[in-house]
Amino acid sequence: MSTPTAARPKYVGGAVKRREDPRLLLGRGRYVADIALAGTVHMAVVRSPHAHARITGIDASRALATPGVLTVLTWPDISAEVGPIPCIDAYPDSLPALQTALADGVVRYVGQPVAVLVATTEYGAEDALALVDVTYELLTPVVTMDDALAGETLLHPELGTNVVTTIAQDVGDVDAAFAAADRVYEETFEIHRYAPMPMETRGVVAEVDPISERLTLTTSTQFPHLVRGFLSGCLGIPESRIRVVAPDVGGGFGAKCEFYCEELLAPLLALRLRRPVRWIEDRREHLVASTHAREQRHTVRVAVLEDGTVTAVDARSWTSSGAAYSTLTTTPASISSAMLRGPYRIPHYRARAHCVLTNKTPLAVYRGAGHPQAVLVMERMMDVIAADLGRDRVALRLQNSLTPAELPSDRGTAIVLAGPVVYDTGDYGFCLTRAAEMIGLDEDWPAQQAAARAEGRYLGIGLANLVEETSIGPYESSVVRVDGSGAVTVLTGSSPHGQGHVTTFSQLVADELEIDIERITVLYGDTDVVTDGVGTFASRSAAIGGAAARKAAGVVKDKAMAVAAHVLEIDVADLEWRDGAAHVRGLPARSLSLGELAQASTAWNAPLPGGMSFNLEGTYQHQAAGIAFSNATHAAKLAVDVQTGEVEILDYVVVHDCGTVINPTIVEGQVHGGVAQGIGGTFMEDLPYDADGRPLARTLQDYTTPTASDMPWIRTDHMESPTPLNPYGMKGAGEGGATGAPGALVNALQDALSVFGVHLTVDGPWTPDRVLDLVPEDLPWA
């Protein structure tokens, strides 16, 4: 019998230190590149140097004659065995523009796989790439959105157009609202192309077990269970013969929320060669072969009454989707069109969002996935309207914001793979007023700006409100097991890549079972260990995966109580669960601990009540009842040096609401990381192409990312509006930092330079030279 213990504090809501960090900080992580299997051979990919060309010949004889080169494959060698790379977010009327694992006779972007070879050493494989002779007939490249829409050159002539998906959102009577409007505003915004840049590039190791004939793919992915399904479909192999493992993953941000050509080619080669096949992406490959993000154009018309009420928005957008569908191609366009109105009432809304093919690397999701573009567009428009009407920026936003009393609110739009947009809970006005207060945006701000300008300093404050889709379904699964020592193992289908799942899931399960958190082990990322799951994306893990884990722990607790009643020969109603044990009511010294109950649940002890399975284990599949919407307000204060064009971020505030907060430190880390990526995209990161479709950023010397010295001190405040769609009120927190930063920063830059008459309709990157272009050349220096 266990002895009574002192009351244990709850873990949920506490700043518990991340349990996974010591191992990683001590260099004990195990990433794909760390895996070395006996007999491993190395894969390398011949990639197209051209944006658009017809392949007229491939001669691999020189490579095959090189010692150590085992094989070279082209599309004709594999076309009968493999299907195209799947796209899971295509609409029913989307035109088919799927990518094949190797170019099918035409290359459509620089970096597209043309051939694949295998050699006994990594360097030997890389050297042999130059020995595969490929001849091309150049075709006219389609580089810009205008090129694509003109339709003079088609990437897939059989489709008859470069516009492969059009998404419609219709709410209310837009035309009537514009007819009744006092003022109409129209702007076109350009959002440039940049990309996720995880510290760990992609990598795969594929092997075939000689006894079971089962295929194992170890890959740096965000969704191993989906990869298993994709691989099964592409190769025609039953899922039961495939194991997918995601070991430690060094960041993903959406780039690893894809199924890539290399994840198909390496298994195919392993099956052919009967040897482990390894491929590790280098950074040059990453910049052309992993998905890009963000690039969109938005033309919006906004109807406004004289009192500042925004009555309607008519929006058209075009997403430069690259050369072919990726796994998640339409999602950015779908989200930006569905969510453009943000927290604002705006009863009449029409959007047409087009996915357009261009001769660029395929574009897909990146932290926020369409939300950052929508927020930038709407928040710039709110500032434009406020300036024209002479209204306070905060007051205009508050006037148009939905109030808590108006929630839930069916917005009349829908997001692909997620469903209808129905805002659940939140106090958007509180977050806005709190952020404005924290950043110092009050009636004294214009005077502060004027005084600073007199000293040659140009200051600006920018705001951005956001509402974001999180916690999407369809489900996530979890198993919770207890062994005879009382140790608990949690299996989850969520697969982390830096989010802190081990910590947060442990907090949830520890509170449910009322045990010490150190007794819990969390396992994930192996489809043989966790047989069912969906993955980690769209800020869903805590709210869906965490809920499944806690519910599974609840199943364990209920079973433990039933076992205790059986062993003690009393009614369950006479028991209570406290401090990880079943206690007899009124007799606190009479109890059974979790470990004792686990021992009693095995087949080697007394028989269990009829129908009860052996072992203390619970399984739960949590299905999402709808989308939970987090919200936040970002506020940025910056200073512009008009002599050098350099921008210094003086202060940054985020007031964030993700429902019930499991761990405030982890939420703050997520917000800070997202803001860093927003700063990078606004001021540094860029993936430009020349007129021939050649990418101009091929290494990190060309593609600049933020460092610690570029980061401001970020101050955060939390509000909690629990969602009724989750049994514990949790929403997602992974993307709000990246979603609001571009809008707040561009608005701050506009505010700083508005005295020069600038009118910003481009999101960036606002590098010093481009900032200087906004400053009059004849400015008298202070």
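Report yes if Arg241 is more than 29 Å from Ser477 (Cβ to Cβ) and open to solvent by 10 Å² or more (accessible area, probe 1.4 Å), otherwise no. Here the answer is no, as Arg241 does not meet what is asked.
Of the strands (runs of 3 or more DSSP E) lying entirely inside the stretch 240-324, those containing at least 3 residues that are over 22 Å from Gly493 (Cα atoms) and modelled with pLDDT of 95 or more span 277-280, 296-304, 310-322. Within the stretch 593-602, none of the residues are open to solvent by less than 10 Å² (accessible area, probe 1.4 Å), at positive phi and outside the structural domain of Val746 (by TED's automatic domain parsing). Picking from Phe505, Phe537, which residue would you name as being open to solvent by 10 Å² or more (accessible area, probe 1.4 Å), among the aromatic types (Phe, Trp, Tyr) and not in a strand (DSSP E or B)? The conditions single out Phe537. Note on the stretch 555-577: residues that are among the small types (Gly, Ala, Ser), within 42 Å of the chain's Cα centre (by Cα) and open to solvent by 10 Å² or more (accessible area, probe 1.4 Å) total 1. Scan the stretch 680-720 for residues that are part of a strand (DSSP E or B) and either without any contact (Cβ under 8 Å) to a residue 24 or more places away in the chain or of a type outside the set (A, V, I, L, M) (or both) and the total you get is 6.
Any residue in the stretch 210-220 that is modelled with pLDDT of 95 or more and either among the acidic types (Asp, Glu) or in contact with a Ser or Thr (Cβ under 6 Å, 6 or more places away or on another chain) (or both)? For the stretch 210-220, residues modelled with pLDDT of 95 or more and either among the acidic types (Asp, Glu) or in contact with a Ser or Thr (Cβ under 6 Å, 6 or more places away or on another chain) (or both): present. Quick check on my filter: what residues within the stretch 26-49 are closer than 30 Å to Leu155 by Cβ and either open to solvent by less than 60 Å² (accessible area, probe 1.4 Å) or not assigned by TED's automatic domain parsing to the domain that holds Pro224 (or both)? The answer is Met43, Ala44, Val45, Val46, Arg47, Ser48.
Which one is nearest to Pro712 (Cα to Cα), of the residues in the stretch 410-434 that are over 25 Å from the mean Cα position of the chain (by Cα) and not β-branched (Val, Ile, Thr)? Restricting to residues being over 25 Å from the mean Cα position of the chain (by Cα) and not β-branched (Val, Ile, Thr), the top hit is Arg434.
Exactly one residue out of Ser495, Ser478 is in a loop (DSSP other than H, G, I, E, B), open to solvent by less than 30 Å² (accessible area, probe 1.4 Å) and hydroxyl-bearing (Ser, Thr, Tyr): that is Ser495.
Considering the stretch 608-623, the residues that are open to solvent by less than 30 Å² (accessible area, probe 1.4 Å) and in contact with a strand residue (DSSP E or B) (Cβ under 9 Å, 6 or more places away or on another chain) include one that is nearest to Leu594 (Cα to Cα), namely Leu616. Across the stretch 510-534, the qualifying residues are those that are in a loop (DSSP other than H, G, I, E, B) and among the β-branched types (Val, Ile, Thr), and the one among them that is nearest to Gly595 (Cα to Cα) is Ile515. Put simply, of Glu186, Glu207, Glu158, Glu152 the only residue that is at pLDDT 95 or above, open to solvent by 30 Å² or more (accessible area, probe 1.4 Å) and under 24 Å from Glu258 (Cβ atoms) is Glu207. If the condition is being without any contact (Cβ under 8 Å) to a residue 24 or more places away in the chain and farther than 30 Å from Val304 by Cβ, then the stretch 155-183 contributes Pro157, Glu158, Gly160.
Filter the stretch 50-74 down to the residues that are of a type in the set (Ser, Thr, Tyr) and either outside the structural domain of Glu262 (by TED's automatic domain parsing) or under 40 Å from the mean Cα position of the chain (by Cα) (or both), then identify the one that is surrounded by the fewest Cβ atoms within 10 Å (Cβ to Cβ). Across the stretch 50-74, the extreme among qualifying residues is Thr56.
In the stretch 76-83, the condition of being in contact with a strand residue (DSSP E or B) (Cβ under 8 Å, 6 or more places away or on another chain), of a type outside the set (D, E, K, R) and surrounded by 18 or more Cβ atoms within 10 Å (Cβ to Cβ) is met by no residue. Just one of the numbered conditions (1) in contact with a His (Cβ under 7 Å, 6 or more places away or on another chain); (2) more than 22 Å from Arg272 (Cβ to Cβ); (3) outside any strand (DSSP E or B) is not true of Ala125: (2). Being out of contact with any strand residue (DSSP E or B) (no Cβ under 8 Å at 6 or more places or on another chain) and either at pLDDT below 95 or assigned by TED's automatic domain parsing to the domain that holds Thr40 (or both) is the requirement here; does Ala125 meet it? Answer is no for this residue.
Filtering the stretch 419-436 to residues that are open to solvent by 30 Å² or more (accessible area, probe 1.4 Å), touching a strand residue (DSSP E or B) at 6+ places or on another chain (Cβ under 7 Å) and in a helix (DSSP H, G or I) leaves Phe430, Arg434.
Output yes when any residue across the stretch 676-686 is in contact with a Gly (Cβ under 6 Å, 6 or more places away or on another chain) and either open to solvent by less than 30 Å² (accessible area, probe 1.4 Å) or of a type in the set (Val, Ile, Thr) (or both), and no when none is. So far as the stretch 676-686 goes, yes, one or more of its residues are in contact with a Gly (Cβ under 6 Å, 6 or more places away or on another chain) and either open to solvent by less than 30 Å² (accessible area, probe 1.4 Å) or of a type in the set (Val, Ile, Thr) (or both). Are any of the residues in the stretch 327-338 within 26 Å of Gly39 (Cα to Cα), touching a Ser or Thr at 6+ places or on another chain (Cβ under 6 Å) and either part of a strand (DSSP E or B) or not assigned by TED's automatic domain parsing to the domain that holds Ser495 (or both)? No, the conditions are met nowhere in the stretch 327-338. Residues in the stretch 164-179 that are open to solvent by less than 40 Å² (accessible area, probe 1.4 Å) and either of a type outside the set (Phe, Trp, Tyr) or in a strand (DSSP E or B) (or both): Val164, Thr165, Ile167, Gln169, Val171, Val174, Ala177. The condition (being closer than 19 Å to Gly626 by Cβ and of a type outside the set (Asp, Glu)) is satisfied by just one residue among Thr425, Thr403, Thr433: Thr425. Of the residues screened, Val667 is not one that is assigned by TED's automatic domain parsing to the domain that holds Gly736 and more than 25 Å from Ser477 (Cα to Cα). Elements of the type strands (runs of 3 or more DSSP E) sitting completely within the stretch 563-663 and holding at least 2 residues that are under 30 Å from Leu402 (Cβ atoms): these cover 616-623, 628-640, 647-657. Checking Gly659, Gly681, Gly645 one by one, the residue that is within 28 Å of Glu735 (Cβ to Cβ) and touching an Asp or Glu at 6+ places or on another chain (Cβ under 7 Å) is Gly659 and no other.
The values are calculated or read from the model by the stated rules, or taken from the named source; none is laboratory data. Everything numeric in this text was worked out from a predicted model, so none of it was measured. FYI the Cβ positions are ideal-geometry reconstructions off the backbone, even for glycines, and counts take in every protein chain you see. For the accessible areas, the whole protein counts, side chains as well, though only heavy atoms, and no ligand, DNA or RNA atoms are used. Shrake-Rupley method; radii C 1.70, N 1.55, O 1.52, S 1.80 Å.
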